[in-house]
Amino acid sequence: MKATTIVAVILGILVLISVVQAFQLNSLKTKIKEGQLSVGSSSSKTTPLASSGGSGKPAGSPASLPSSVKDLPQMVGGC
């Protein structure tokens, strides 16, 4: 096969994939607009955002950092 034929076949496959993805994206947008699909997780609203780690902190509070991470400088390099 010639190199131009191979490039044309690969280009055709890429165009076909992008067309399929465009239809999928359009379908998702339509479902979101019509309310058939919601953005976010479908789990219950009482699920904690972060693990409390057994420290007795309320759910959703930031998890405590290990000591190795606490001692790091705020900015490394740069200005």
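A few points about this structure:
- The stretch 27-43: number of residues that are surrounded by fewer than 10 Cβ atoms within 10 Å (Cβ to Cβ) and either at pLDDT 95 or above or not small (G, A, S) (or both): 4
- When residues of the stretch 1-13 are limited to those that are surrounded by 10 or more Cβ atoms within 10 Å (Cβ to Cβ) and not β-branched (V, I, T), the one farthest from the chain's Cα centre (by Cα): A8
The values are calculated or read from the model by the stated rules, or taken from the named source; none is laboratory data. All values derive from a computational prediction rather than experimental measurement. Glycine also receives a Cβ, built like all others from the backbone with ideal geometry; neighbour counts cover every protein chain displayed.
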